[in-house]
């Protein structure tokens with residue numbers, strides 16, 4: 001799905017429920033997914049100079065957080081999420097070489113964009129290799145990339161960051177699914193007090209007096225939140241917490257693209273900080289790209 005006017009778009013449709021869709025990461029070869037997963041963890045831990053147990057614990061925590069986010073966004077039922085977390089805790093769940101089974105096209109770490117960028121491939125090229133039976137570890141080795149770097153790229157991509165730089169919020173607009181994580185960061189040598197609020201609904205209110213201060217925040221409330229600093233009144237940003245993972249943030253040219261939308265008719269909500277919201281409906285045909293253009297009149 002494409003469109004070419006500068007807006008922020010969220011599609012109100014849940015995608016790729018558990019039990020269907022293509023695998024995000026596929027195991028191959030004679031080793032079991034669990035054995036391959038452990039081998040990758042051991043290799044990555046050695047490259048990072050930490051113990052495999054410490055790396056496994058960090059990855060399992062990240063995966064559990066992604067399961068919670070998938071449940072909150074409606075991509076998994078609570079029962080499915082609880083079952084997956086139980087398997088994670090029991091060790092009967094490969095972190096690599098089979099993690100995508102049952103998570104549809106997006107997997108626990110979202111789509112393939114972060115992994116594809118790190119590997120020097122397009123998302124389509126990466127999906128094609130995975131669908132052909134290669135694991136991400138095998139693809140990384142073939143591309144001359146380290147597994148530890150791949151792990152770091154995927155984990156970092158699963159968590160967004162709202163920074164304060166020279167008394168400006170960076171980025172100006174963040175879109176994230178309900179239940180996901182956000183790191184609020186103060187990179188300034190100045191006191192900030194970050195507040196995010198939508199009407200009477202308060203999402204955060206943090207005093208941040210120390211340079212390098214980071215506050216991990218779980219996005220538990222849905223809404224369009226205005227972000228401000230109580231100390232510096234000119235500082236403004238927007239945080240859109242959506243009940244879906246099907247959304248896009250337009251680029252400088254006003255273009256957007258959302259991949260993985262299933263065939264059918266879907267409701268579309270378009271938002272711009274100056275001209276408000278619009279609702280639309282679009283039909284996506286199987287195997288085709290749908291285009292939806294929007295004309296806004298600046299005011």
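The values are calculated or read from the model by the stated rules, or taken from the named source; none is laboratory data. It should be emphasised that the depicted structure is a prediction, and the values quoted were computed from it without experimental measurement. Cβ coordinates were reconstructed from backbone atoms using ideal geometry, including for glycine residues, and neighbour counts include every protein chain displayed.
Which is under 30 Å from residue 190 (Cβ atoms) and in contact (Cβ under 8 Å) with a residue 24 or more places away in the chain, of 234, 271? When all the criteria are applied, what remains is 234.
How many of the residues in the range 141-153 are closer than 10 Å to residue 115 by Cα and surrounded by fewer than 21 Cβ atoms within 10 Å (Cβ to Cβ)?
Of the residues in that region, 3 qualify.
Apart from one condition, residue 202 fits all of (1) touching a strand residue (DSSP E or B) at 6+ places or on another chain (Cβ under 7 Å); (2) under 23 Å from residue 71 (Cα atoms); (3) without any contact (Cβ under 8 Å) to a residue 24 or more places away in the chain; the exception is (1). If you filter the range 248-295 down to residues that are in a loop (DSSP other than H, G, I, E, B) and within 20 Å of the chain's Cα centre (by Cα), you find that the one that is surrounded by the fewest Cβ atoms within 10 Å (Cβ to Cβ) is 251.
Answer yes if at least one residue in the range 262-274 is modelled with pLDDT of 85 or more and on the phi > 0 side of the Ramachandran plot, and no otherwise. The answer is yes; a qualifying residue exists. Screening residue 294 with (1) touching a strand residue (DSSP E or B) at 6+ places or on another chain (Cβ under 6 Å); (2) more than 27 Å from residue 124 (Cβ to Cβ) gives one miss only, at (2).
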